[in-house]
1. Once amide H atoms are placed 1.01 Å from N in the peptide plane, what residues at a sequence separation of 5 or more from Val26, or on another chain, have their amide H within under 5 Å of its amide H?
2. Averaged per residue, what accessible area in Å² does the stretch 76-146 show with a 1.4 Å probe, protein chains only?
3. Figure the gain on full extension for Ser102 and Asn122 (residue separation times 0.36 nm, minus the Cα-Cα span) and round it to one decimal in nm.
4. Which FRET efficiency, nearest 0.05, do Asn83 and His52 yield, Cβ-Cβ r, R0 22 Å?
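The values are calculated or read from the model by the stated rules, or taken from the named source; none is laboratory data. The model shown is predicted, which means the values in this text are computed figures rather than measured ones. So basically every Cβ, Gly included, is an ideal-geometry build from the backbone, and we count neighbours across all protein chains shown. Just so you know, the surface numbers come from the protein's heavy atoms only, side chains and all, with ligands and any DNA or RNA stripped out. Shrake-Rupley method; radii C 1.70, N 1.55, O 1.52, S 1.80 Å.
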Amino acid sequence: MESDLYFTCNTRNFARDVSGAQRHLVWRYLFAHRYENPASQDGFLTAARAFHGAETFLITGNFQTLGTSVIYSPSSTEIALSNEMMGYWARLAATGDPNGSSAVPWLPYDVASENILQLDDNIVPLAGGYRNAQCDFLSTLPTRGF
């Protein structure tokens, strides 16, 4: 619920607010990858699953410490995912559109379709949104105290 309240639903609300006619396109993604190799003795990275900010290491291709004191050794799948993600971000920065090359199509977000690109070992487009029922419910609650 906390992830929905502070991350998922806030991101959805923001995407809804800034998308639409006469505006720039919005590209929404869901990072779902769980790091495969433990980078610390307590196995924090694998136990934490897909946590807030975990995608930045793949976007930059910098796996040196991943927030731990141990140098992380990415799997071949993680290197491939990182290369795909760097491609999306580079094309978006260069052209305003992350699509191109042989990448899985990343459809722009709009309120009707709720398109999201799920970034994991297999990159897949998700039409219809992510955790919409939870976000719709949370939007009915008073915002005081959140």
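1. Here the answer is Tyr109, since their amide H atoms fall under 5 Å of that of Val26.
2. Details: 4100 Å² over 71 residues.
On a per-residue basis, the stretch 76-146 sits at 58 Å².
3. 5.8 nm
4. Once the sixth-power term is evaluated, E becomes 0.45.
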